[in-house]
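Below you'll find the structure, written out as structure tokens, and then a few comments.
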Amino acid sequence: MLCRFHICHSAKIGYLIYFFIQINDIDFEYDSFVSLFTFDAPFNGIYDGNNYSIKNIVNNNNVEHYGIFRALGKDGVIKNLIADGCSYKGNYRVGILVGFNWGMITNCIVQNCIVSSGKADVGAVCGLSEGTIKECQTFNNAINGQYESAGSVCGWNTGVIRACTSNKDSI
């Protein structure tokens with residue numbers, strides 16, 4: 001789990017809503033990582049990265065809906081998180097932070113990462129979004145889509161993207 005070694009504090013704040021706050025950088029040292037939650041059971045809590053980073057995750061499993069969070073539900077929020085030096089290769093709907101987004105991703109940074117998709121919907125922050133992405137930054141990432149729909153912030157978006165910036169990304 002992402003909060004291993006007491007990296008995060010968590011507290012239940014209401015019925016089935018959880019709040020996690022990251023209290024340190026997490027370096028996976030190029031180990032693989034099992035993505036959190038699923039498309040059928042998305043994350044519906046609040047994850048506050050507290051401006052700390054998750055570094056050096058590697059995944060080459062060619063799975064669908066891949067990111068640190070495979071899917072973010074409509075009540076889910078990811079904020080203040082930095083992803084650095086990660087490398088993912090998935091099938092489709094692949095993003096460094098989130099594979100499929102129905103919720104809100106705000107004030108996050110994705111930098112120095114490589115993300116690729118064997119099919120479509122690949123982006124640095126999110127693979128496919130029907131939710132909101134705001135005030136996020138991408139920097140120095142390589143985004144590779146095999147067929148279509150690749151983007152610095154999001155590969156395919158039918159939601160809202162607001163006040164995001166990209167710099168030195170290669171698509």
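Tabulated values for the structure
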read-out: Qualifying strands (runs of 3 or more DSSP E) (wholly inside region 5-71; at least 1 residues being at pLDDT 90 or above and open to solvent by less than 20 Å² (accessible area, probe 1.4 Å)); value: 18-22, 46-55
read-out: Scan of region 102-147 for residues that are polar (S, T, N, Q), in a strand (DSSP E or B), modelled with pLDDT of 95 or more and under 21 Å from LYS55 (Cα atoms), ordered by number; value: THR106, GLN111, GLN137, THR138
read-out: Output for region 136-155, where each listed residue is under 14 Å from the mean Cα position of the chain (by Cα) and open to solvent by 30 Å² or more (accessible area, probe 1.4 Å); value: GLN137
read-out: Hits in region 72-101 - residues which are out of contact with any Cys (no Cβ under 9 Å at 6 or more places or on another chain), outside any loop (DSSP other than H, G, I, E, B) and under 13 Å from ILE133 (Cβ atoms); value: VAL77
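The values are calculated or read from the model by the stated rules, or taken from the named source; none is laboratory data. Here the structure is a predicted model, which means the values were calculated and not measured. Positions of Cβ are generated from backbone atoms using ideal geometry, with glycine treated the same way; all protein chains shown enter the neighbour counts. Keep in mind that these areas ignore ligands, DNA and RNA; they rest on the heavy atoms of the full protein, side chains included. Shrake-Rupley method; radii C 1.70, N 1.55, O 1.52, S 1.80 Å.
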